[in-house]
Each structure stands twice: as structure tokens, then as C-alpha cells.
Amino acid sequence: SLCPGRTMAYQPSCDAVQKLIENKELKFIFVGGKGGVGKTTTSCSLAAQLCYDRQVLIISTDPAHSISDAFRQDFGHISHSGGEPCPVQGLPNVHVVEVNPEAFYKQELGSIFSMIEEAGAEEGFAKQAMDFQEWLSSIPGVDEATALASVIEYVESGRYDVVVFDTAPTGHTLKLLQLPQVLDTGIRKLQEWQSGLNAYWDMLKASGGVRANASGDWKTALKNRLELYKGGISRVAQMMHDNVRTGFVTVCIAEYLSVCESQRLLQDLKQQSVRPLFVVCNQLIKGVPEQNAWKALEAQLADEDPDVVACLRRSVEFASARAGIQNKYLTMLKGMEEVQSLGVVEMPLLASEVTGPDAILDFSSRFLPAGYRTGPPAELERSMAFEALYKSEAQTARESTGGFALEDRVIVHGLAKTPVYNDKEAVVTSFVDWESAGRIKVKLLEEIDGKTKVLALQPKNLRRLGQDGAEGQEKCVVM
């Protein structure tokens, strides 16, 4: 044949995608690489094959939000806590969320400003509110972290079986991988800011800078918001380092810059303990006639229009030259130490663009052996069976300290020898005596005989505020 492979059924270069599709333990698939190499097309194609037997959520953390363009549908840009995932028309069992960082910041700042307005201190707190805005915007990835945390909840709730993340170009993706460390530092800064804000509030209230009946409930609300951030960050860190449920697909094209950037990305994945799955190499020119074959074809065209033959020759020479360059860098890619243990999925450059559900489903079939799928996917029912995947930092801490965490509000109860402290509200301040004596230090919020009391109690003598519990008994140590 003058064009090898043109008349043969397409077969993938390796079985890496088939293994991914058949791995039911995999819950979170990140897709990343240099800009313009086909990450979004790859993300949508993986989702198209996964949706045959699973409910799939595609989430875009790329500011460009190309998912809408890829499916030729407007999914809209929602923040992490606003709106619902949008279904893909023409592709059952697939929904899309496009995270909008600007909406996230607007929503978070609006919540804080509303709290301050309700407290009647909007003028006095103007500078502090701006400080909060500066702190929040200085923490890279806080919007993505909370979005990813909400995605974990989607999977745990049973709404979706697997999530495909269409990430931003490599540089942004590397920041995403470093989120747990960066955000942990940022949250500590925000907590410092909160402490200063609390002190400023007390000063304003004492000086009449706020309404006399103004409530300080916003302080509790702000504390809860920061705890929400921390809990989300902890769960995202567990998810990204989960080598059973999570994997990363690297996408590139066979050009020097893209191949080198993919190598650095794989090195960073290893450094961050994130499991790489395989490499997709897109836009490969396949089936170009070899030089000898072209000469034979040209001889057969001797009687044709010379201009047409010349145009055909230039086209073949261009395609052959590009294919030669691609083969060079494809060989370079396969020879890299970071890639040798992974499969390289070679995807062809097509004459038509890959947009719309039908085109994406057709393109996605090239990831798998011919005949692997028969017909389009059918609508599935959602299981909605809850399965806890990851524990928050607070949950983990509570399990190791009798079910309590620092700053928990509690009710003291069941003290037989010192009943004066029963039914008093307190706050957890320390676990320094936990390992040696099994006791938790709490500070009573109400003074006794004009003095602040700190007690060292057993867990059975404490009940978290708002929870029911059996009455305990036994000892209390007054500090």
C-alpha cells in the first residue's frame, strides 16, 4: 500500500487507557500538560469512555474553560458552592463543572461584608475587610482547594463514580500539586488575621463604634469558614496522594518544548507523590507515504496536470517532514526514564476538528481496540450510596483525642464531687494531659466566684454543644 495503515482498523499503541477504563477503584483522574496540546479533548474523551458504566463528573480548573467549547454547549461558570453540575447533552451520564475563581472571591468577600454590615460596623471595619480581601487573594489555589473538596463530597454521596479534572496548563497544575503545603501556610496567616480582627471588634464595641446590640456571631461564622477551608485542604491532600483512587494523565505533542515540559511535570508528580498513569501524545501524523512509495506514485501521475502533481508533492513532502520531526521527539519521549515505566498512547492528527459530543465519542474510541465498544452509551441510574473516602483534619484529630478538638464548645456534666461545674458551658483549650492521664483541659466561659476556671476532665464528662450524650460521672481536676 502507498499509504501504510490507511485501510487497517485503528489499534491503540498500548493498552493503558483500557486498563484505566476497567479500573473501578479509580475515582479521581487529573489530566494536565502544556497549553494547546489537547488536554481538554483528552479529558472529554476519557469521560466519554468512562460513562458507559459510570456516572462521570468533569471539572475544569483551567481559567480558559474550554469544556464548553469542546462540547459546543454553554455550561456556564459557577463557583465551588454555587449552582449545580450541568449535564452534557448528547452524552449520557456525564456532567460538567467549570470553577470560576472570580465568583469564588466575590462570594467569600460578600459573605464577610454581610456579617460586618449586620454587626453595624461596616465603616469601622472597612480597612479590616480590605485586609481580608488581600489575604484571601494572596493564597494561590484556595478556590481550587474548596472546589476539589466539594468534588470529593460528590463522589462520597454516590452522585458520581469518577471525576475527571481538566487542569490548567503545566505551570498552574504544578501549583495545584503544591496546594496542601501552600494553603496550610495561608490558612495560618488568615487565622492570625482573624485574631487581630477579633481584638479590633472588642475595642470598637467598648468604644461605641458598633451598635450596642450588635452581635458577635460573625466571629463564630468566620471561624467556621476558616475551619471549612482547613478541612477541605486536608481532604484534598489525602485525595491527591491516594495512589489507589487517584492518577494523573500527562498530555503532550511530539515537539521539543512539549516533550521537555512533560518530563518536568512527571518529575514533579514523583516529587509530590502523585501517581502518573500514562502519557498521551496527540496530533501525530500517521499513514504518510515513504519516499520510495511517493516516487512510484509520482510515476503513475506523469500524465496528470503538472501543477496538481507539484501541489500534491509539496503536501506529501510537508507531511513527511513533519512526521519525521514527530518521530524524532516521540522516540525521545519514549526513551525518557520517567516515561519508560508508563505507556505512551499515540493519538492521530485528524482532518476534522474534534468538537461536539458525537465527534468526541468517535475520537475517544481510538483510545481502545477496534470493537471494544458497540454503540453509544446508555443512561444509567445513580446509586446514591454514601461511601466515606477521606477524613478531614478535624475528624482525624477528634478520633485521637476522645472525639474532641481544640476550641470545641462543650457542656460539662456528670460530675459527682464538684456538681457546681455541671451544665456549665466551656471551650476545649488543651490536650497536654491526654496521653498521660486521658484528660482534656477546658475553660469555663462563666466565671465562678469571680475567677476563670480551667478544668481537666475525662471525655465522658463533656458533651459537644448541641449533641446529645449519656450522663458521665467520676473525676474532675480543677486547675
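Hey, does region 320-329 have a residue that's surrounded by 15 or more Cβ atoms within 10 Å (Cβ to Cβ) and under 21 Å from G32 (Cα atoms)? Looking for residues that are surrounded by 15 or more Cβ atoms within 10 Å (Cβ to Cβ) and under 21 Å from G32 (Cα atoms), one finds at least one in region 320-329, hence yes.
Residues in region 323-338: is at least one among the β-branched types (V, I, T), in contact with a Pro (Cβ under 8 Å, 6 or more places away or on another chain) and farther than 18 Å from S13 by Cα?
No, the conditions are met nowhere in region 323-338.
Scanning region 420-450 for residues that are charged (D, E, K, R), under 15 Å from R464 (Cβ atoms) and without any contact (Cβ under 8 Å) to a residue 40 or more places away in the chain yields a count of 2.
With the structure loaded, tell me whether V274 is among the β-branched types (V, I, T), open to solvent by 40 Å² or more (accessible area, probe 1.4 Å) and at pLDDT 70 or above or whether it fails that test. Judged against the criteria, V274 is not a match.
In the set P348, P306, which member is at pLDDT 85 or above and in contact with a helix residue (DSSP H, G or I) (Cβ under 9 Å, 6 or more places away or on another chain)?
Result: P348 is the single residue among P348, P306 that is at pLDDT 85 or above and in contact with a helix residue (DSSP H, G or I) (Cβ under 9 Å, 6 or more places away or on another chain).
The set of residues in region 439-455 being under 15 Å from L406 (Cβ atoms) and either buried (at least 17 other Cβ atoms within 10 Å of the Cβ) or of a type in the set (F, W, Y) (or both) consists of R439, I440, K441, V442.
For region 335-356, the criterion of being open to solvent by 70 Å² or more (accessible area, probe 1.4 Å) and over 30 Å from A47 (Cβ atoms) is met by at least one residue. Checking each residue in region 254-268 for being surrounded by fewer than 22 Cβ atoms within 10 Å (Cβ to Cβ) and over 13 Å from L330 (Cβ atoms) picks out L257, C260, E261, Q263, R264, L266, Q267, D268. Is at least one residue of region 333-345 under 22 Å from A70 (Cβ atoms) and touching a residue at least 12 places away in the same chain (Cβ under 8 Å)? Yes, region 333-345 contains at least one residue that is under 22 Å from A70 (Cβ atoms) and touching a residue at least 12 places away in the same chain (Cβ under 8 Å). Counting only residues that are at pLDDT 90 or above, assigned to a strand (DSSP E or B) and surrounded by fewer than 18 Cβ atoms within 10 Å (Cβ to Cβ), how many does region 412-428 have? Result for region 412-428: 1. Of all residues in region 259-274, those being of a type outside the set (S, T, N, Q) and more than 22 Å from G38 (Cβ to Cβ) number 1.
Yes or no, residue by residue, for (1) in contact with a Leu (Cβ under 8 Å, 6 or more places away or on another chain); (2) at pLDDT 90 or above; (3) loosely packed, with under 14 Cβ neighbours inside 10 Å:
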residue: S60; (1), (2), (3): no, no, no
residue: S66; (1), (2), (3): no, no, no
residue: I78; (1), (2), (3): no, no, no
residue: P87; (1), (2), (3): no, yes, no
residue: L91; (1), (2), (3): yes, yes, no
residue: P101; (1), (2), (3): no, no, no
residue: F104; (1), (2), (3): no, no, no
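If I filter region 429-438 for residues that are of a type in the set (V, I, T) and open to solvent by less than 40 Å² (accessible area, probe 1.4 Å), do I get at least one hit? The answer is no, given that none of the residues of region 429-438 is of a type in the set (V, I, T) and open to solvent by less than 40 Å² (accessible area, probe 1.4 Å).
The values are calculated or read from the model by the stated rules, or taken from the named source; none is laboratory data. Quick caveat: nothing in here was measured; it's all calculated off a predicted structure. All Cβ positions, glycine included, derive from the backbone under ideal geometry; neighbour counts span all protein chains shown. SASA here: full protein model, heavy atoms, side chains in, ligands and nucleic acids out. Shrake-Rupley method; radii C 1.70, N 1.55, O 1.52, S 1.80 Å.
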